[in-house]
Amino acid sequence: MKLTFKLTNESKVNLLGVTLFRIEAVVDIPARGVKKGEKGGWLESEKTSNGNARVSGDAWVYGNAEVYGNARVSGDAEVSGDARVSGDAWVSGNAEVSGDALNNGYCFAYKSNDWNVTEVPTKDGEGVLLVRDYTPPRKEDVETIEIEGNKYTVNEIKKALGK
């Protein structure tokens, strides 16, 4: 598979000591609105340690976003903002990771075009939960949350998360 980007000479060392390189599109990527020559985000290398392309298909990494370790971005996925995708994470399909999202370890994401997915920050500020059809709690329901029509107490969610 031919890569849609190249690593530039512009580099930085992130907070974990990983050297990253800014990417530049070598072809137009119409699905992402990216033009040949446009600068993107930051990658550790063109390919992961097992030889897979780090970014493939119509996927793109924008702005200050970082992808490193054995992480991959593929399909029509995008990573943007100050998001970091690392470890063995794989962002694919139509998934979007953005903002200050930190995606570390094993993460497999799939998002259907008609899903309403919301990033809900964790209480400790260490990450976000991606919740489909999220309804923010009303003031009178502070101790419960509704997901896809089902109500859960904060304690039920904590128990399910092993907290």
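What the table shows:
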| item | result |
| --- | --- |
| Residues SER98 and ALA160, FRET efficiency given R0 of 22 Å [Cβ-Cβ distance, rounded to 0.05] | 0.30 |
| Highest-first arrangement of 35-48, 69-82, 17-30, 145-158, where packing means the average Cβ count within 10 Å | 69-82, 35-48, 17-30, 145-158 |
| Estimated distance in nm for a label pair at LYS151 and LEU3, the labels positioned 7 Å out from Cα along Cα-to-Cβ | 5.3 |
| Anisotropy class of region 1-56 from Cα gyration tensor, a/c 1.5 cut | oblate |
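Each value in this text was obtained by applying a stated rule to the coordinates, not by laboratory testing. This one's a predicted model, so the numbers in the text were calculated from it and none came from an experiment. Please note: Cβ atoms are built from the backbone with ideal geometry, for glycine as well, and neighbour counts cover all protein chains shown.
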